[in-house]
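**Q** To start, I am sharing the structure in question, which I have written as structure tokens.
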Amino acid sequence: ERPSATVIHSNIQTTDKLGHPLKIVVGSRYFVIHRLRLLNDEPLIIETIHIPESIAPELFTHDLEASLRELLENVYKIHIERLDISIESIVSDAYMSRLLDVPIGSPMIFEKRVAYTANEQVCEYSEHIYRGDRFTFTQEFHKSK
């Protein structure tokens, strides 16, 4: 299987209000990467990823179509220790349907993630739209000691 990603657009934004999921100070800059994820050239996921500029300076000088997780770990030494995830079912609009090559109104899975480092710093906020006909999610729980 050949996973790949295509960058739809990327930019740098500045927080203009309190309450951004990255929990960064108003006026702080962050990278936004909007990508289409594919498997064997079939479009499966639309993702929008927000990363604080302070933890990954010059992020846009790297290949954004490669694994961002590996880039953050290997270049910036950022290791995710915890994820807060919310998942809901939605239906595709015209934009999603065009990118994912499905009919408008198709079932989708919408996931929001907030990623934390070991010291509880938010290192990433992302939104993912998965084709509902191609994914199954499972969870495993362990009792804390």
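Any read-out appearing in this document is the output of simple, stated calculations on the displayed coordinates, not a laboratory observation. This one's a predicted model, so the numbers in the text were calculated from it and none came from an experiment. Virtual Cβ from ideal backbone geometry, glycine too; neighbours counted across all protein chains shown.
**Q** Using Cα pairs closer than 8 Å and at least 6 residues apart in sequence, work out the relative contact order for the stretch 54-124, in percent. Mind showing how you got there, number by number?
**A** Working: 83 pairs, mean separation 21.8, N = 71.
Taking the mean separation of contacting Cα pairs over the length of the stretch 54-124, I get 31 percent.
**Q** In whole Å, what is the distance between the alpha-carbon centres of the stretch 83-98 and the stretch 50-72?
**A** Between the Cα centre of the stretch 83-98 and that of the stretch 50-72, the gap is 24 Å.
**Q** With +1 assigned to the C-beta of every Lys and Arg and -1 to the C-beta of every Asp and Glu, and no other charges, what is the dipole magnitude of the chain about the Cα centre in debye, to the nearest 20?
**A** On the way: 16 positive and 22 negative charges, 73 e Å.
Taking the Cα centre of the chain as origin, the dipole is about 360 debye.
**Q** Contact order normalised by length for the stretch 18-145, with contacts defined as Cα pairs under 8 Å and 6 or more residues apart; what percent is it?
**A** It comes to 25 percent, rounded to a whole number.
**Q** Using the Karplus curve 6.51 cos²θ - 1.76 cosθ + 1.60 with θ = phi - 60°, what ³J(HN,Hα) values do you get for each residue of the stretch 118-124, in whole Hz, with x for Gly and Pro?
**A** So the Karplus estimates, Gly and Pro as x, are 4, 8, 6, 7, 6, 10, 6 Hz.
**Q** If you put +1 on each Lys and Arg Cβ and -1 on each Asp and Glu Cβ, how big is the dipole of the stretch 1-54 around its Cα centre, in Debye rounded to 20?
**A** 220 debye
**Q** Give the long-range amide H neighbours of Gly132: residues separated by 5 or more places, or on another chain, with amide H under 5 Å away, using H modelled in the peptide plane at 1.01 Å from N.
**A** For Gly132, the qualifying residues are Met108, Ile109.
**Q** Okay, next question. Which FRET efficiency value, to the nearest 0.05, is calculated for Asn40 and Val91 with the Förster distance at 22 angstrom and r the Cβ-Cβ distance?
**A** Taking R0 as 22 Å, the efficiency between Asn40 and Val91 is 0.30.
**Q** Could you pull out every residue, at least 5 positions away or on a different chain, whose amide H is within less than 5 Å of the one on Ile8? Hs are placed 1.01 Å off N in the peptide plane, and Pro or chain starts have none.
**A** HN-HN under 5 Å from Ile8: His34, Arg35, Leu36.
**Q** Taking semi-axes √(5λ) of the Cα gyration tensor in Å as the quantity of interest, determine which of [x] 32, 15, 12; [y] 39, 16, 13; [z] 25, 19, 16 was computed from the displayed structure.
**A** Only one listed value fits the structure, namely [z].
**Q** Using mean Cβ contacts within 10 Å as the protection proxy, how do 1-14, 116-129, 93-106 order, highest first?
**A** Details: 1-14: 11.4, 116-129: 16.7, 93-106: 13.8.
Sorting 1-14, 116-129, 93-106 by mean packing, highest first, produces 116-129, 93-106, 1-14.
**Q** Using 0.36 nm times the number of residues separating Asp16 and Glu140, minus their current alpha carbon distance, what extension gain do you get?
**A** Gain on extension, Asp16 to Glu140, equals 40.9 nm.
**Q** Now a separate question. I want the local charge near Ile55. Using Cβ-Cβ distances under 15 Å, sum +1 for each Lys or Arg and -1 for each Asp or Glu among the other residues.
**A** Combined, the nearby Lys, Arg, Asp and Glu give -2.
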